[in-house]
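Shown next, in structure tokens, is the structure this report addresses.
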Amino acid sequence: MTVDDVAGYLNKPRSWVYGNWRDEKIPFRKVGQSLRCRPADLEKWLDEQN
């Protein structure tokens, strides 16, 4: 998933995702100059937040 995909999924602005991906430990990986996140990793992270 791209940053835009994650922002839409979390119902947050793109700027929030970029601003918080390190602090919130959203499971992104850098691919070249882009951030990517696996849907399963995002679901696991969400489960851990509650």
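Matching the structure-derived mean projected area of the Cα convex hull in nm² against the labelled list [x] 3.2; [y] 6.4; [z] 4.2 gives the label [x]. Do you know the relative contact order of the chain, to the nearest whole percent, from alpha carbon pairs under 8 angstrom that are 6+ apart? Contact order relative to length: 35 percent.
Protein heavy-atom accessible surface, 1.4 Å probe, per residue over the chain: 75 Å². In the chain, the portion of solvent-accessible area held by carbon and sulfur atoms comes to 44 percent [1.4 Å probe, whole percent, DNA, RNA and ligands not counted]. Positive end of the dipole of the chain (Cβ unit charges, origin at the Cα centre): among Trp16, Ser34, Met1, the Cα lying farthest that way belongs to Ser34.
The values are calculated or read from the model by the stated rules, or taken from the named source; none is laboratory data. This one's a predicted model, so the numbers in the text were calculated from it and none came from an experiment. Cβ sites come from the backbone with ideal geometry, for glycine too, and all protein chains shown count toward neighbours. Surface accessibility is based on the protein's heavy atoms, side chains included, excluding ligands, DNA and RNA. Shrake-Rupley method; radii C 1.70, N 1.55, O 1.52, S 1.80 Å.
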